[in-house]
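A short write-up of the structure that comes next.
Only the coordinates and a few stated rules stand behind these numbers; no lab work does. What you are looking at is a predicted structure, and each value in this text was computed from that prediction instead of being measured. Ideal geometry is used to build each Cβ from the backbone, glycine not excepted, and the neighbour counts take in all protein chains shown.
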Amino acid sequence: MRATVGLILLAVIGVGVGISLLAIPFGAPKTEIGDYYIENAREDTGATNVVTSVVVGYRAFDTLGEVTVLFVAALGLGAVLATAGGKRGRSGVEPASLILSAGNIFLFPLILLFGAYIFTHGHLTPGGGFQGGAVIASAFLLVYLSSPGKRINESGASLTESVSGLVFVAIGLLGLTHGTHYFLANFLPKGALNTLFSAGIIPVIYCAIGLKVGSELAGVVDNLMEETE
Amino acid sequence: MVSPVLLLAVPLGLALCVPLVGRVSRRAAGFVPVIASLFNLVVSIRLLPTVLEEPIVANLGGFPPPFGITLFAGPVGMLLSALIALAGLVVSLYALSYIKTGPTVRYHTLYMLLLVGATGVVLTGDVFNLFVFFEILCISSYALVAYVGDRAGIEASVKYLIQGALGSALLLIGIGLLYGLFGTLNMADIAARIDSVDSVPVFVAMALIVVGLGVEAAIFPLNAWLPDAHSSAPSSISAILSGIAIQVGLYAVVRMVFTVFGASSVLLFFVFLGLLTLLIGELCAFAQNNIKRMLAYSSIGQMGLIMFALAIATTGSVTGGLFQMVSHTLSKALLFLAVGYMVYRSGSLEISSLEGMGRRMPLTSFAFTIGVFSLVGLPPFIGFPSKLLIVRSALAEQGVLLQVLIGLVLLATVIEGAYFFRVIQTVYFKKEEGQEARQDAPPMALLSMFVFVAFIVVIGVYPNLITDVLESGASELLERANYIGSVLG
Amino acid sequence: MSFLHDYVYYIGAFGLVAIGLLIILVKRNLIKLIIGLSILDTGVNMFLISVGYIRRGTAPIFSRPGLEPDGMVDPVPQALVLTAIVIGVAILALALALAVRFYKTYGTLDLRKAKELRW
Amino acid sequence: MTEKADRTGSRARDIVYLFLVLLITWLMLTSSLHWQEVTTGAFLSLVLALFLARSYARLGLPPLSLVRLWRLGVYFLVLFAEVVKANIDVAYRVLHPRLPINPGIVIITTELSQDVAKVLLANSITLTPGTFTLDIQGDKLLIHWINVRSEDTAEATRLIAGRFEKHLKAVFA
Amino acid sequence: MIIIVSLLVLAMLTAAVAALIYRDLLSAVIASCLVSLLASILFFFLQAPDVAMAEASIGAALVTAIFVIAIRRTKRYEE
């Protein structure tokens, strides 16, 4: 019954979407907005990666919302798992072999550095706060796998989360009070193209996002691994 | 001039502060939502007169539309944001005494972010931005429904999440189609170009978006999650979900259908859908023994009524629909708050266990009764002028069809009255067995309930206080050309 | 061949969407449902990216001086998908946490077996 | 000198050590000597080094020197050559109609003492197709070998690890 | 080029179908990880390196890890 209804639904959606796709030919020249961004992004935001200039420049407000979504999910996950109460701790995990643990100590700082490289260069090369944050979180994931007893420093993580989020909001509000009087306006000097210290607020925001996403995702993994009896 | 973006930025910043405050004192964390909602209420009310003359269009980042994201603060946006702030303020006061156990700091943070999401949805003028704020609203509701962590809460939350996530995916496909067709995400820009494209793809995009948003708005075939979620959540959250979240979902549907798509041809379909939602909601509510489930089904019915009124699309009926939104927020939130403590004292959700509450909790029962009277539409409470307006404006339309439909609406109201008065009878007139000590809700909770009671009575007696706003809201929704003009200049 | 040339990405995207929807509609195991959601998300993201593609376009990054803005693909869908991916992960994480709690409460991952809330 | 001052000294040495490792990595990542890149890299490396130097010191890495880096470079060249050779060998065996393989598990011993050196050896063995390190216990490595040519520990050690061990010893000496 | 893309799409869809069929949840998760990886390669072909990076690091790596943790804490087989 349910499957039949589902299949009919699928068929209807499929036919509808198929017809509308005919109106959106694949690979056709882009839209005015895309053109505008590609033409003007370097001048408007100072970033050479146009995707970054859209994510943290033209549509920075979306990104603020997106960071909030992740924050909500991390909080919600904590709340859902915390209400079980009882003793906490991880059981049934044996310590990993020398290869994993020594390799991990060796790699941990390097992975963190790599994550930082990705989010500090978000306006120049592919990548940015989210990708860098995910890399940082995967470093923590490695730690959990190699030494199961290790816990993330929870108060440190939540401090990083809150403070980096506040930095984002504060930069937005500074744009409202300084210079242009627009929320999230790029009020810092834009610097020379293709150098690290350019693009005004973009690298600053991306650093905040990278730290926030990294600590949030690491916290998510940590919370999920927590065994509650 | 105060920018409407403060309505989002300040509560968001404060929400990020809650975990920090919570470290110093867990109790203090509960006051942050109060402060944020108060701020929003003051700013919204201050902006209302300005907005009535001319809507405020805020370009974020200083990029002109359609290149940046635009916030559009018109009468509807400001009315709803004031309503969200008011309900948020009152319910956060209530939560100070109601939410005692569990990870309270996380509760207050999530609660604030839910309000931020709702405010964002009503203020934004960008389709994708709407999606982002909608997700904030939805994800925080999923988490809050499961807050108590009992069997019912977990199950309700899981069902809600699966259906909601499915809805968001469809919504995103719809947005992708819109971008593919029009090459822009700004609502006004899309609205201005809507006729430049073949109507079939536009219709498919609209269908996907309406279905996606309709899950949250509890439109008839998409509302299976609602009774579970609203009845299993903590009562303060039920109040916000019933009073705010679903209405914000409905607002989003209305904004897309009226303003962006300008789809007058499908409105009759929505009239029927609204009526169907209304009848099914009220009939199911009639069959319930569980008081919170009854209220939840009644919310479905009310959403149907609001949709019915909005979809008739005359100035009078849209005004009535918006009025009913205000009335439903105040009454239903009040009912959930009152029921929260009644259930807490009786220890059961069964309606029969509320016997003798009239004597045990007189003030709470009084507030409950006011809420019921208002919801059913008795004078002199707010529900009366709003329902009257809907009925009058529907009757003013020519055509037998609408006359028949309005008859069905009245029938639904009768059903609503029947099951609500059964509860009132149980609360007051059933004889009770053992005399139990009188023990009312704590003062903070009573205060919050009576704030709602005051609003219900005052607006019920002087509906003219808000009709100006409602009427200009109606014209904002009905006249797309003005909307397009004020955004694109 | 030209059919493939025009539609292969759309087929991939909507194939994933269809399989994801199918998993959600047919399966009752909670974790399986969540896998379905993740496949569905990937499909939607792929659709958005293919909307922005331009034949023989280049990535919208001026990585070295002298690159011309002509023939770069549309950056907007890429920005949107970046947002959508993160939102998708957020939902998945919350859903999995709920699944873990669900299993602890009911001792099963089968949604049919949870009957707390039938009228 | 008191013990405390000694410990401070060794801690400072650990920090500098990790700092240099990270800075070199950063310069390789950015492949630029622009002052902005270098200062940022130095700042990040310093912050990470301050936090992580203590656990990093447990690895027991030998002091940095140009000679060692040169030998490490030589080692990587040897590894690369071995990987290419082994790839050809395995490809030949897989494509050969009679499939001349003789899979099995052997134990080899290593004279390397530091954990990092052992891990490096184990990873090099894993990286070469045909051999795979399953575990390390003390100075013994458990190896899965696609074509066991000798069950004898000493002989197996010479065949599998001999090529790498010489260079690794030079690096870690 | 178009042949390679078509094969990748085919592989991706096959992996998705495998995720639908497998009763072993762990295998299903690995299949869905494969879907993400192939999708991220296709994003590269579609000239979206930013998205490809995000999909590979978040969609393929982290999501799979979270799935595996959740499965370890619940049950491995669909009943």
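Rounded to the nearest 10 degrees, what's the angle between the helix B:362-376 long axis and the longest principal axis of chain B, both from Cα atoms, 0 to 90?
40 degrees
Mean-square fluctuation check for chain A, GNM, Cα pairs under 10 Å: which of A:35, A:44, A:62 is largest?
So, out of A:35, A:44, A:62, the one fluctuating most is A:35.
Counting other beta carbons within 10 Å of each Cβ, put B:104, B:319 in order, fewest first.
B:104, B:319
With the Cα gyration tensor of the protein assembly as shown giving a ≥ b ≥ c as the square roots of its eigenvalues, does the rule (a/c under 1.5 for rounded; else a/b larger than b/c for prolate; else oblate) give rounded, prolate or oblate?
Prolate shape, in that a/c is at least 1.5 and a/b is the bigger ratio.
For the protein assembly as shown, with the dipole built from +1 on Lys and Arg beta-carbon atoms and -1 on Asp and Glu ones, taken about the Cα centre, which of B:81, B:24, B:142 lies farthest toward the positive end?
Farthest towards the positive end: B:24.
Using only alpha carbon pairs under 8 Å that are at least six residues apart, calculate the relative contact order of the stretch D:66-172 and give it in whole percent.
36 percent
How far is helix D:35-57 tilted off the main Cα axis of chain D, in degrees rounded to 10, range 0 to 90?
Once rounded, one gets 70 degrees.
Would you mind working out the magnitude of the charge dipole of the stretch D:1-153 relative to its Cα centre, with +1 at each Lys and Arg C-beta and -1 at each Asp and Glu C-beta, to the nearest 20 Debye?
It works out to roughly 160 debye.
What is the angle, in °, between the Cα long axis of helix B:291-312 and the longest principal axis of the Cα atoms in chain B? Nearest 10 is fine, range 0 to 90.
30 degrees
Have a look at E:15, E:54, E:28 and tell me which one the Gaussian network model of chain E (Cα, springs below 10 Å) gives the largest fluctuation.
E:54
Going through the cross-link list C:27/E:75; B:292/C:113; B:100/C:113; A:150/C:32; C:104/E:75; A:150/E:75, which pairs have a Cα-Cα distance over 20 Å in this structure?
The answer is B:292/C:113; B:100/C:113; A:150/C:32; A:150/E:75.
Pairs of alpha-carbon atoms within less than 8 angstrom and 6+ residues apart define the contacts here; what relative contact order does chain B have, in percent?
That works out to 16 percent.
Can you sort C:27, D:169, B:332, B:100 so the residue with the fewest Cβ neighbours within 10 Å comes first?
Taking fewest neighbouring Cβ atoms as first place, the list is B:100, D:169, C:27, B:332.
Please list, in order along the stretch C:95-103, the HN-Hα scalar couplings obtained from phi with the Karplus expression 6.51 cos²θ - 1.76 cosθ + 1.60 (θ = phi - 60°), rounded to whole Hz, x for Gly and Pro.
4, 5, 4, 5, 4, 4, 5, 4, 5
Helices from chain E with mean Kyte-Doolittle at least 1.0 and a Cα length along the axis of 27 Å or more, per DSSP H: which?
Length and hydropathy pass: E:2-21, E:25-45.
So what J values fall out for the stretch C:72-87 if you push phi through Karplus, 6.51 cos²θ - 1.76 cosθ + 1.60 with θ = phi - 60°, rounded to Hz, Gly and Pro as x?
Calculated HN-Hα couplings, in order: 8, 6, 5, x, 4, x, 5, 4, 4, 5, 3, 5, 5, 4, 5, 5 Hz.
For chain A, set up a GNM with springs between Cα atoms under 10 Å and report which of A:32, A:43, A:161 has the largest fluctuation.
A:32
Would you grab the residues whose amide H sits under 5 Å from the one on residue E:48? Only those 5+ places off in sequence or on another chain, please, with H modelled 1.01 Å from N.
Here nothing satisfies the definition.
Which value, in debye to the nearest 20, describes the size of the charge dipole of the protein assembly as shown about its Cα centre when Lys and Arg Cβ atoms bear +1, Asp and Glu Cβ atoms bear -1, and nothing else is charged?
It comes to approximately 2580 debye.
In percent, how large is the relative contact order of the stretch A:2-227, given Cα pairs closer than 8 Å and 6 or more residues apart?
Relative contact order for the stretch A:2-227 comes out at 27 percent.
Which value at 222 nm does the protein assembly as shown reach when only helices count, each DSSP H run of 4 or more adding -39,500 (n - 2.57), with the total divided by all residues and rounded to the nearest 500 deg cm²/dmol?
-24000 deg cm²/dmol
Dipole of the stretch A:2-227 (Lys/Arg Cβ +1, Asp/Glu Cβ -1, origin at the Cα centre): which of A:117, A:20, A:106 lies farthest to the positive side?
A:106
How do D:131, A:52 rank when sorted from fewest to most other Cβ atoms within 10 Å of their own Cβ?
Ascending Cβ contact count within 10 Å gives the list D:131, A:52.
What are the aspartates and glutamates whose alpha-carbon lies under 18 Å from the alpha-carbon of residue B:387, with same-chain residues fewer than 8 places away excluded?
By straight Cα distance, residue B:387 reaches B:282, B:397, B:416, B:468, B:471.
Hey, if you put +1 on the Cβ of every Lys and Arg and -1 on every Asp and Glu Cβ in the stretch B:5-488, which of B:437, B:128, B:335 ends up farthest toward the positive end of that dipole?
Comparing the listed Cα positions along the dipole, B:437 ranks first.
Mean Kyte-Doolittle of at least 0.5 and a Cα length of 24 Å or more along the axis: which whole DSSP H helices of chain A meet both?
Taking the DSSP H segments of chain A (at least 24 Å long, mean hydropathy at least 0.5), we get A:2-21, A:60-82, A:98-120, A:129-146, A:154-177, A:201-225.
If you place +1 on the Cβ of every Lys and Arg, -1 on the Cβ of every Asp and Glu, and leave all else neutral, what size is the dipole of the stretch D:66-172 about its Cα centre, to the nearest 20 Debye?
Using only the charged Cβ atoms, the result is roughly 340 debye.
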